[in-house]
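Everything on this sheet refers to the single structure shown next.
The values are calculated or read from the model by the stated rules, or taken from the named source; none is laboratory data. Source: prediction; values computed, not measured. Don't worry about glycine lacking a Cβ; one is built from the backbone with ideal geometry, like all the others, and counts go over all protein chains shown. Ligands, DNA and RNA are stripped out before the accessible areas are found, and what is left, the full protein with its side chains, is counted by its heavy atoms. Shrake-Rupley method; radii C 1.70, N 1.55, O 1.52, S 1.80 Å.
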Protein chains: 2
Amino acid sequence: MKTSQRAFSLLESSGYKVTSQRQIILEIILNNREKHMSAEEIHEKANKSNADIGLATVYRALELFEELKIIHKMNFGDGRSRYELWEEEHHHHHLICTSCHEVYEVAEDLLDVLEHKIENKYKFKISGHQLKFYGVCYNCKEDKKDES
Amino acid sequence: MKTSQRAFSLLESSGYKVTSQRQIILEIILNNREKHMSAEEIHEKANKSNADIGLATVYRALELFEELKIIHKMNFGDGRSRYELWEEEHHHHHLICTSCHEVYEVAEDLLDVLEHKIENKYKFKISGHQLKFYGVCYNCKEDKKDES
DNA sequence: TTTCCTGCAAAGGCTTTGCATAGGG
DNA sequence: CCCTATGCAAAGCCTTTGCAGGAAA
């Protein structure tokens, strides 16, 4: 469980306290990689398996984790923010199904060439990116059976 | 002013009415390409130069335009949705400065290869994409003067 | 005339904030 | 002990909705 160690020393060295609530919240995120949970969902999970944590505390912890680059806030267009581990090189993309609204992760990155081009042409120092593809996933294709 | 013609025939053929409010709202969007305006900003502009349009009407028009693929709703992480013309092949990306929060547009696309790869590997039929780069823009670079 | 549209205000949903208490270092 | 963190409830935003009057077709 390296990630949590790193995260907590980061908290300490930044002058923040390692509270039980923060530990629980981070643990939930770690145990649910690739789930893109909302604050509400994290809150529910926390209170299902542990003591009572206030929703406001969840929001404050998430804000802090984001500031420390432990997690990433994202938006998939459903009106609430979703969170994901930062992952050193968080070089993956998301496929969002416009039919069932499922979100899939894609390992490929391949944006390096494009990034360099943009950095030079626009004099813009890139520190991160977020790429979403919209479309219809395998499970939602009408002609799914024909493909067997 | 081709785009608005196309938009209004689309409205009619879909059974919606061409009202003055919808015309004004679309006109504002057309006259402010690349501005990524929020509903509130469109509302302000509308009431500055014209009669009174309710904010709810703006939201309803934007929702309709999005459904008809006349515009695109996006999210730049500032808590409100922003809108942009659909533009047949809306193949451009956004540079978001983490310092001044300005949003720039990039003409390059170059995602075709990646898209095909993903379509095949994940059996996902892609219909659109959205790519955001985060970083520091030219105007916010500290070493700006050294580069002259 | 009929049906859809608009404005207003109220309601909704997510997120943030104020304040008194609890708890980490 | 001191100072930050938490919980609760209230407040803040952005967005959506209900409803009665108004405007397209």
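A few comments on the model shown:
- In the set (1) away from chain A (no Cβ under 14 Å); (2) open to solvent by 80 Å² or more (accessible area, probe 1.4 Å); (3) within 15 Å of DNA strand D (Cβ to nearest atom), the condition left unmet by B:Ala61 is number (2).
- The C-beta contact set for segment A:43-55 (first residue more than 14 Å from chain B (Cβ to nearest Cβ) and closer than 12 Å to A:Asn32 by Cβ, second residue open to solvent by less than 50 Å² (accessible area, probe 1.4 Å) and within 14 Å of DNA strand C (Cβ to nearest atom), distance under 6 angstrom, 6+ apart or interchain) comprises A:Ala46/A:Ile24; A:Ala46/A:Ile53.
- Candidates in segment B:91-103 are the residues that are surrounded by fewer than 17 Cβ atoms within 10 Å (Cβ to Cβ) and not hydrophobic (A, V, I, L, M, F, W, C); of these, the one that is modelled with the lowest pLDDT is B:His91.
- The criterion of at least 1 residues that are in contact (Cβ under 8 Å) with a residue 60 or more places away in the chain is met, among strands (runs of 3 or more DSSP E) falling completely within segment A:79-121, by A:81-85, A:103-106.
- Exactly one residue out of A:Ser49, A:Ser38, A:Ser4 is away from DNA strand D (no atom under 12 Å from the Cβ), at pLDDT below 95 and farther than 17 Å from A:Trp86 by Cβ, and it is A:Ser49.
- Test: A:Gly79 is on the phi > 0 side of the Ramachandran plot, within 14 Å of chain B (Cβ to nearest Cβ) and within 10 Å of DNA strand C (Cβ to nearest atom): yes
- Output for segment A:7-35, where each listed residue is open to solvent by 40 Å² or more (accessible area, probe 1.4 Å), more than 14 Å from DNA strand D (Cβ to nearest atom) and not in a loop (DSSP other than H, G, I, E, B): A:Ser9
- Scanning segment B:64-76 for residues that are under 29 Å from B:Cys100 (Cα atoms) and open to solvent by 70 Å² or more (accessible area, probe 1.4 Å) turns up just one, B:Lys73.
- Residue check, A:Tyr59 at pLDDT 95 or above and farther than 17 Å from A:Thr3 by Cβ: yes
- Residue check for A:Lys132: over 17 Å from the mean Cα position of the chain (by Cα) and either under 23 Å from B:His91 (Cβ atoms) or outside the structural domain of A:Glu66 (by TED's automatic domain parsing) (or both): no
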